[in-house]
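This report concerns only the one structure given below.
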Amino acid sequence: MDTTHLHIKNMCCDRCVEVIMKLLKATKYKVISLTLGELVLKGKISSQDRYNIEQRLKAKGFSFTETYNEKMVSQVKAFLLQYRDKLSVNDKPGKLSAFISGGMQMSFSHISRIFSQLEGVTIEKYLLLLRMERAKELLIQTELSASEIGDRLGYSSPQSFTTQFGKETGKTPGEYRLDPAPARIHLDKLVYQDIKQKRRVDKQFQK
């Protein structure tokens, strides 16, 4: 059976999959599968079809990846979300480098170099940002203690989580929870917005 594989930027969670599936249901295109970063359609599509799909995606904040390296970065981000979520259910995923290189079947050093070049941060830093955004979500949406949240995110102790959270946000978990308008970063904007936010936090600590 002929298929068309399309790689999509800015997909970061199950909600993104739901949004794109809903968008494509209103079209003539038959979806075989849709995962974070990749769409598989039945049959071969024309350049006009590709353009039509991309216009619909752009209206929702998504777009196609154009290069091999961009596709690689999208796959890495999907694996990082899987890794973070495995930490949250105490499913020990092992070393990050082994998890990523095993999933992508290539050397971690090569993957890491390409990721840093395109994203401006290391894979390890990006995972940290993912963990921080998940921590913020749990602080806002649940009554879990800082200790329980740190444990869910794979921190070795409550103190290490609280210290890291303060370093990244400028607030303790308790202060963040009480904030009437707590700052959040959508995952597709994560790197660029966080760098700006982190610079502001660093300046505050330097005063």
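The values are calculated or read from the model by the stated rules, or taken from the named source; none is laboratory data. None of the values given here were measured: they were computed from a predicted structure. Heads up, the Cβs are rebuilt from the backbone with ideal geometry, glycines too, and the neighbour counts pull from every protein chain shown.
Here are the numbers:
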quantity	calculated
Lone qualifier among Leu127, Leu139, Leu118 - being on the phi < 0 side of the Ramachandran plot, part of a helix (DSSP H, G or I), at pLDDT below 90 and of a type outside the set (S, T, N, Q)	Leu118
Pair list, Cβ < 8 Å and 6+ apart or interchain, from the stretch 47-76 residues that are under 30 Å from Ile123 (Cα atoms) and free of Cβ contacts under 8 Å to residues at least 40 places away in the same chain to residues that are aromatic (Phe, Trp, Tyr) and surrounded by fewer than 19 Cβ atoms within 10 Å (Cβ to Cβ)	Glu54/Phe64
Given (1) in contact with a helix residue (DSSP H, G or I) (Cβ under 6 Å, 6 or more places away or on another chain); (2) assigned by TED's automatic domain parsing to the domain that holds Glu38; (3) not aromatic (Phe, Trp, Tyr), number of the condition Pro93 does not satisfy	(2)
Residues located in the stretch 32-79, provided they are more than 17 Å from the chain's Cα centre (by Cα), exposed (fewer than 13 other Cβ atoms within 10 Å of the Cβ) and of a type outside the set (D, E, K, R)	Ser33, Gly43, Ser46, Ser47, Gln48, Tyr51, Gln55, Ala59, Thr67, Tyr68
Filter result for the condition that a residue is over 22 Å from Ile100 (Cα atoms) and aliphatic (A, V, I, L, M), over Leu34, Leu6, Leu24, Leu39	Leu24
Odd one out for Ser109 among (1) in a loop (DSSP other than H, G, I, E, B); (2) without any contact (Cβ under 8 Å) to a residue 40 or more places away in the chain; (3) small (Gly, Ala, Ser)	(1)
Test: residue in the stretch 79-99 that is modelled with pLDDT of 90 or more, at negative phi and polar (S, T, N, Q)	yes
Residue that is surrounded by the fewest Cβ atoms within 10 Å (Cβ to Cβ) [pool: residues in the stretch 80-106 that are assigned to a helix (DSSP H, G or I) and among the aliphatic types (A, V, I, L, M)]	Ala98
Index of the failed condition, Val19 passing every other in (1) surrounded by fewer than 17 Cβ atoms within 10 Å (Cβ to Cβ); (2) within 20 Å of Leu130 (Cβ to Cβ); (3) among the hydrophobic types (A, V, I, L, M, F, W, C); (4) at pLDDT below 90	(4)
Residue count, the stretch 122-168 (criterion: under 26 Å from Ile100 (Cα atoms) and touching a Leu at 6+ places or on another chain (Cβ under 8 Å))	18
